[in-house]
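A short write-up of the structure that comes next.
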2 protein chains.
Amino acid sequence: MGKELRVSKIGNGTVVDHITAGRALYVLKILGITGREGRIVAIVMNVESRKIGKKDIVKVEGLRLRKEQVDKIALIAPHSTINIIEQFEVIEKYRVKVPKVLEGLIKCINPSCITNQPREPIKPVFTLYNENPLIFKCKYCGAKVEQEEIIRQLIGE
Amino acid sequence: MGKELRVSKIGNGTVVDHITAGRALYVLKILGITGREGRIVAIVMNVESRKIGKKDIVKVEGLRLRKEQVDKIALIAPHSTINIIEQFEVIEKYRVKVPKVLEGLIKCINPSCITNQPREPIKPVFTLYNENPLIFKCKYCGAKVEQEEIIRQLIGE
């Protein structure tokens, strides 16, 4: 125990690897995991990675991600890789991809934007403006939204 | 990766073991860990335990708990054990103990209790009324506060 913490084998589920260090709890929130669901969950934070310096990992038993969840993870931790486990084997592995367009996922930060007018039922739409650092641009008013603000909105903190 | 998630060795720090299943994130909150502090953290939830059915474990590098934190963990997960790690060895191990008296830690649920009167600077005090299920009793008005309410107040959710 003092040396290692081994996590019991997970037969089926999802591993989110190469999460930006310190953001595992954000990923957990996106996945809707509190622990009270009874699923086996393993999380490590700030461990060394050959690829990206330090990283976090989240592993959840019996969970498959929906596309919207993968998109949100891409916004929060763009280097993440998703591993799908079946019968103790990785049957699929891919890197998340920052969406080119965000529809209805976040609100515009500009209070006078048409998407923020109470009487106008216009869904906010953003297009990818810059990938690193991550910046999206409002389709309607052109306001730029940075990653920190996107995370704030997605996590609700 | 599909089979096990091994956590790199932690030389110094604290392991909170035998946490009531599903409550690891509460413990993390009590410890003030978000991940952004840069510490190595490992969490497992809902794993099998010989002692208590299922349990959670939280392991944090370079952290020693303050007495107030241990008391709060005892209120949230009364079966927890604390392991202190130094140079890769467990140098101390103890079980948390539910405090007999809570001073200023939680508020009384009775709005007319003297401790809830804005002009009276009286600190709320509770005494342990029952250990399992966990119930505390207000020293002033006798109101009984159950564990669920205590957790709610400590976690702020």
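Just a few scattered comments:
- Helical contribution to [θ] at 222 nm, DSSP H n ≥ 4, -39,500 (n - 2.57), averaged over the protein assembly as shown, rounded to 500: -4500 deg cm²/dmol
- Mean sequence separation of contacting Cα pairs (under 8 Å, at least six apart), scaled by the length of chain B, corresponds to a relative contact order of 21 percent.
- Flagged links, alpha-carbon separation over 25 Å, of A:29/B:144; A:93/B:29; A:51/A:97; B:51/B:72: A:29/B:144; A:93/B:29
- Probe 1.4 Å, protein heavy atoms only - accessible area per residue of the range B:101-155 in square angstrom: 63
- A Förster distance of 25 Å, applied to the separation of the beta-carbon atoms of residue B:98 and residue B:141, puts the FRET efficiency at 0.70.
- Accessible-area composition of chain B, carbon plus sulfur, in percent [1.4 Å probe]: 47
- The modelled label-to-label distance for the pair residue A:129/residue A:36, using points 7 Å beyond Cα in the direction of Cβ, is 3.9 nm.
- Based on C-alpha pairs under 8 angstrom that are at least 6 apart in sequence, the range A:27-114 has a relative contact order of 19 percent.
- Residue ranking by accessible heavy-atom surface, 1.4 Å probe, largest first, among B:129, B:94 comes out as B:129, B:94.
- Label-point distances for residue B:127 to the equivalent site in the other copies, using a point 7 angstrom along Cα→C-beta, read 7.1 nm when ranked shortest first.
- Anisotropy class of the range A:13-95 from Cα gyration tensor, a/c 1.5 cut: rounded
- Using a 1.4 Å probe over protein heavy atoms, the accessible area lost on pairing B with A, summed over both chains, comes to approximately 3400 Å².
- Per-pair calculated FRET efficiency, R0 = 25 Å: residue A:12 and residue A:51 via Cβ, rounded to 0.05: 0.45
- Sequence-distant contacts, meaning Cα pairs under 8 Å at least 6 residues apart, place the relative contact order of the range A:101-155 at 31 percent.
- Cα gyration tensor, the protein assembly as shown - rounded (a/c under 1.5), prolate or oblate: oblate
The values are calculated or read from the model by the stated rules, or taken from the named source; none is laboratory data. Note that the structure is predicted; figures quoted are calculated from it, not measured. Using ideal geometry, Cβ is built from the backbone for each residue, glycine included, and neighbour counts are taken over all protein chains shown. Accessible surface areas use protein heavy atoms only, side chains included; no ligands, DNA or RNA. Shrake-Rupley method; radii C 1.70, N 1.55, O 1.52, S 1.80 Å.
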